[in-house]
Amino acid sequence: MDPIIFTAVVLSLAVASLIDLRSQRIPNALTLPCALAALAYHLLTQGPQGLWFSLAGLGVGFGLMLTPFLFRVMGGGDVKLLAAVGAWVGPQMVLVAFLLTSLAGGAYALVVLARSSDVLRGVFTPLRAALYATCATGEFHYQPAPAASGLPKLCYGLAIASGTVAAMLRTVFSSGWLAG
């Protein structure tokens, strides 16, 4: 793992996480320069092959988050943040980062839900009713909680940061980068 890439990604994710926690948004003013810097860095250090590597990572990162965005369970800033990360780390590592991000996001969601028993009850009551209906009819009929039911919003930038840093550290420790 290139130390410049590692540093750029960690700093970008730290800023994105802080902004997301404060405003529940990840601004284009952060994600666009981050992605452009990645494309320029790879082009300057590896030529056209580096640019294609970076573009492939950007596309994979964007594509992985597009479906959740279209189903309105993910914000646009989250999509663009993972795309920018992909532009830095490439298609293979952004896939690993996405998988680890999903795990981190699930754990984060469980912690947030567990902090509010009313919210937890609001989530599990319709789920329990759906399971009973499924057993009775053989068809799954789940009615999600209405948007105004007070479900907390998750700042997914934090999960993206956790998953991406874990993926990068996995590479760092397996490659011996810290050993010199």
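Of all the options ALA14, ALA159, ALA136, the one that moves most in a Gaussian network model of the chain with Cα springs shorter than 10 angstrom is ALA136.
Among VAL60, VAL85, rank each residue by its count of other Cβ atoms within 10 Å, from fewest to most, as a rough exposure measure. The partial results should precede the final answer.
On the way: VAL60 23, VAL85 32.
Starting with the residue having the fewest Cβ neighbours, the order is VAL60, VAL85.
Just the projected area, averaged over all directions, of the convex hull on the alpha carbon atoms of the chain: how many nm²?
Numbers: hull surface 49.6 nm².
Reported value for the Cα convex hull: 12.4 nm².
When ranked by the protection proxy of mean other Cβ atoms within 10 Å per residue, highest first, what sequence do the peptides 36-42, 127-133 form?
Numbers: 36-42: 18.7, 127-133: 13.0.
Output ranking for 36-42, 127-133: 36-42, 127-133.
For the chain, the mean residue ellipticity at 222 nm estimated from helices alone is -29000 deg cm²/dmol, where every DSSP H run of n ≥ 4 contributes -39500 (n - 2.57) and the total is divided by all residues, rounded to the nearest 500.
Taking the charge dipole of the chain about its Cα centre, with +1 at Lys and Arg Cβ atoms and -1 at Asp and Glu Cβ atoms, the residue from ALA133, PHE62, GLY90 reaching farthest to the positive side is ALA133. Computed from Cα positions, the angle between helix 156-175 and the longest principal axis of the chain comes to roughly 50 degrees.
Please give the net charge around LEU154, taking every other residue with its beta carbon less than 15 angstrom from that of LEU154, where Lys and Arg add +1 and Asp and Glu add -1. Don't jump to the answer; show the numbers that get you there.
Details: positive: ARG22, ARG25, ARG72, ARG115, LYS153; negative: ASP20, ASP78.
Local net charge: +3.
Might you report the magnitude of the Cβ-based charge dipole of segment 1-130 about its Cα centre, with Lys and Arg at +1 and Asp and Glu at -1, to the nearest 20 debye?
Details: 7 positive and 4 negative charges, 86 e Å.
Rounded to the nearest 20 debye, it is 420 debye.
No value in this document is a laboratory result; all are computed from the given coordinates. Every value quoted in this text rests on a predicted model; they were computed, and no experiment measured them. Because the Cβ atoms are built from the backbone with ideal geometry, glycine has one as well, and the counts that use them run over all protein chains shown.
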